[in-house]
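Report on the following structure.
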Amino acid sequence: MLRAFLKTFQEIVYVERFSASNGVLQRIDPRVKLCSITAFILSAVAVRTVTPLSILFAAILVLCVASKIPMKFFFLRTTLFIPIFAAVIALPLLFITPGEPLAKVGYGGLVAEITMQGIYRAAQFTLRVWVCVASLVLLVLTTRFSKLLRAMEEFKFPGVLVTMMAVTYRFIFLFVNEAYRMALAKESRTVMRKRWRGVSRSLANMIATLFIRAYERGERVYLAMIARGYKGTVRSLGEVRSTSRDWVFASASAIICLTVLSTEYLHLGGW
Amino acid sequence: MSEVAIEMEEVRYVYPDGFVALDDVSLKILREERVAILGPNGAGKSTLLMLMNGLYKPSRGRASVLGTPMNTKNSSRVRMNVGLAFQDPDDQLFCPTLWEDVSFGPLNMGLSDGEALERTRDALKAVGLEGYEEKPPHHLSVGEKKKAAIATVLAMQPEILILDEPTANLDSRSKLELIDIISNLRRNRDMTLITATHDVNFLPAVADRVYVLSRGRIISEGPLKKVFSNPKIMNQANLELPIVTQLFRLLAEQNSVATESTPLTVKEALYEIDRFVKRDKSQSGRNSRLKTEIF
């Protein structure tokens, strides 16, 4: 099971093939993309009704198609996090939101009512999380990680944060591979089905070993950085320039956000 | 300017847990020399290289690089002149792309963008990784990672290049490519080359002189032929002789082929065989003439 999980994780993380393709978003300056996606997320957080969120979601889907990302892959990747986090948080909303009762769930004295308003709030919350996740996934899928970091540098994000992100991104692949190899080695020496206690113990050992290896590698990487003159800051090469295409995209993003916000605050329709 | 690249006198290094990695190590490496540090796993080779780069400070003894004493104050200056390629290239390559990794050193040296760009291009070209600039390191093969790790150091244009186990985990083709790269480097840039390895077959291609390290101590030093002619030393260091040398030693023991010197490489072996065959032919010719005169 652990091996299968690690394999799936590997497949999810290895998505650099899309950032290299020739789609619309791939050709946009990462700084503009970062700003636009941040604006999308802020707009999603600022609205409380489903219609503006749907408009935003539709815009993201259009961008997804224009960026040559397969819809099935995009949906799988974005929905993977929603049932786990958003739905768990949104579930109680079905019962605790006061309103028109739709159904009763429970047994004996423990009965809870699902309300229409509860369903609406849960759907609205899930959609909002979905839009935010989808926006970020779109950004990550269409931008090379190095360019994303460069954009963050340009926006004066703290250097330590950018370096930490770069190193994490670089080594996450290595550690996933290492964990996968460890799981494989463990499985090759497993001849009898173990009880849960035995499984959890070997899993704990594996995690501990991986932690020690990660710590030791961290030390060696730091020494290698020091050996090449690292003094706490990382400089990047080259200049980033925006073109008219980037400005057109930025304007389009602004229009989308304005439409979403006006639908909400000017009560232009929907529920 | 000092003619000595690296000098160490009675250096001892103790890890924080009390493990003595190096003890009483004294060595002198001259500029533009090709020197190897030979020793089995755990002999203290990597620790010695870290000391040479100024990453570790000796617990006792003195060390200097190009005449500059190694201490906390001088460590930056030392690192500018001493390029160290780590044993595991994954330790060395930590940026999202190769381009950023190779330019990391020159940019840290305070060079301008233009100069760093030029050095990055040159270094990638020197190791044959042109066109790999935008590749993330986790997409490279082990051989390519090794080359990339060397490029990250070359971009700093160090006077002393140190390679830690460069052939570890490499297939024979990648080994040959690496030897080619190192030979070209030596031809094009006048640099001191220090290689730590236990790969005795690779050694003659990258070194003329060797220090044999065993359990943190230098047990022998000298030209390769001299050190390899002493099987006791090699045994003491848990090392084997190069395969060609072993073969000729066996042949000599059986009195099949007697050569003037023990060959270390296939090329040298070929030369010795050729000489032996010619000598043998002339000897048998002389013998047959003698026979004719007698009878």
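Side notes on the structure shown:
- Flag if B:Arg119 is at pLDDT 90 or above, within 24 Å of the chain's Cα centre (by Cα) and either in the same structural domain as B:Phe19 (by TED's automatic domain parsing) or not acidic (Asp, Glu) (or both): yes
- Residue in the stretch B:117-145 that is surrounded by the most Cβ atoms within 10 Å (Cβ to Cβ), counting only those that are without any contact (Cβ under 8 Å) to a residue 24 or more places away in the chain and at the interface with chain A (Cβ under 7 Å from one of its Cβ atoms): B:His138
- Being out of contact with any Gly (no Cβ under 8 Å at 6 or more places or on another chain), surrounded by fewer than 15 Cβ atoms within 10 Å (Cβ to Cβ) and away from chain A (no Cβ under 14 Å) is a condition met by no residue of the stretch B:75-83.
- Residues in the stretch B:263-295 that are among the hydroxyl-bearing types (Ser, Thr, Tyr) and modelled with pLDDT of 85 or more: B:Thr265, B:Tyr271.
- Qualifying helices (runs of 4 or more DSSP H) (wholly inside the stretch B:1-98; at least 1 residues being closer than 26 Å to B:Asn201 by Cβ): B:45-53, B:89-92
- Being assigned to a helix (DSSP H, G or I), away from chain B (no Cβ under 14 Å) and either of a type in the set (S, T, N, Q) or touching a residue at least 40 places away in the same chain (Cβ under 8 Å) (or both) is a description that does not apply to A:Ala214.
Rundown of residues vs (1) farther than 25 Å from A:Glu219 by Cα; (2) among the charged types (D, E, K, R); (3) modelled with pLDDT under 95, yes/no style:
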residue	(1), (2), (3)
B:Arg12	no, yes, no
B:Ile29	yes, no, no
B:Arg34	yes, yes, yes
B:Pro40	no, no, yes
B:Gly54	no, no, yes
B:Lys57	no, yes, yes
B:Gly67	yes, no, yes
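- Qualifying positions in the stretch B:155-166 - of a type outside the set (S, T, N, Q) and either more than 17 Å from the chain's Cα centre (by Cα) or more than 11 Å from chain A (Cβ to nearest Cβ) (or both): B:Ala155, B:Met156, B:Glu159, B:Ile160, B:Leu161, B:Leu163, B:Glu165, B:Pro166
- The stretch B:186-239, residues that are under 30 Å from B:Arg119 (Cβ atoms), at pLDDT 90 or above and surrounded by fewer than 16 Cβ atoms within 10 Å (Cβ to Cβ): B:Asp208
- Qualifying residue in the stretch B:45-58 (condition: on the phi < 0 side of the Ramachandran plot and in contact with a His (Cβ under 9 Å, 6 or more places away or on another chain)): yes
- Taken residue by residue, the stretch B:97-115 has no member that is within 18 Å of the chain's Cα centre (by Cα) and β-branched (Val, Ile, Thr).
- Screening the stretch A:175-206 for residues that are of a type in the set (Val, Ile, Thr) and surrounded by 11 or more Cβ atoms within 10 Å (Cβ to Cβ) and picking the one that is farthest from the other protein chains (Cβ to nearest Cβ) gives A:Val199.
- Within the stretch B:107-131, tally of residues that are charged (D, E, K, R) and over 20 Å from B:Lys146 (Cβ atoms): 3
- Residue list for the stretch B:100-112, restricted to those being surrounded by fewer than 24 Cβ atoms within 10 Å (Cβ to Cβ) and within 7 Å of chain A (Cβ to nearest Cβ): B:Asn108, B:Met109
Here's the yes/no breakdown for (1) more than 29 Å from B:Arg77 (Cα to Cα); (2) at pLDDT below 95; (3) in the same structural domain as B:Leu30 (by TED's automatic domain parsing); (4) assigned to a loop (DSSP other than H, G, I, E, B):
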position: B:Leu111; (1), (2), (3), (4): no, yes, yes, yes
position: B:Glu115; (1), (2), (3), (4): no, yes, yes, no
position: B:Glu133; (1), (2), (3), (4): no, yes, yes, yes
position: B:Lys146; (1), (2), (3), (4): no, yes, yes, no
position: B:Ile150; (1), (2), (3), (4): no, yes, yes, no
position: B:Met156; (1), (2), (3), (4): no, yes, yes, yes
position: B:Thr167; (1), (2), (3), (4): no, yes, yes, yes
position: B:Leu170; (1), (2), (3), (4): yes, yes, yes, yes
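- A:Ala166 falls short on exactly one of the conditions (1) small (Gly, Ala, Ser); (2) away from chain B (no Cβ under 11 Å); (3) touching a Cys at 6+ places or on another chain (Cβ under 8 Å), and that condition is (2).
The values are calculated or read from the model by the stated rules, or taken from the named source; none is laboratory data. Since the structure is predicted, the reported quantities are computational estimates derived from the model, not experimental observations. For neighbour counting, all protein chains shown are included, and Cβ atoms are generated from backbone atoms with ideal geometry for every residue, glycine included.
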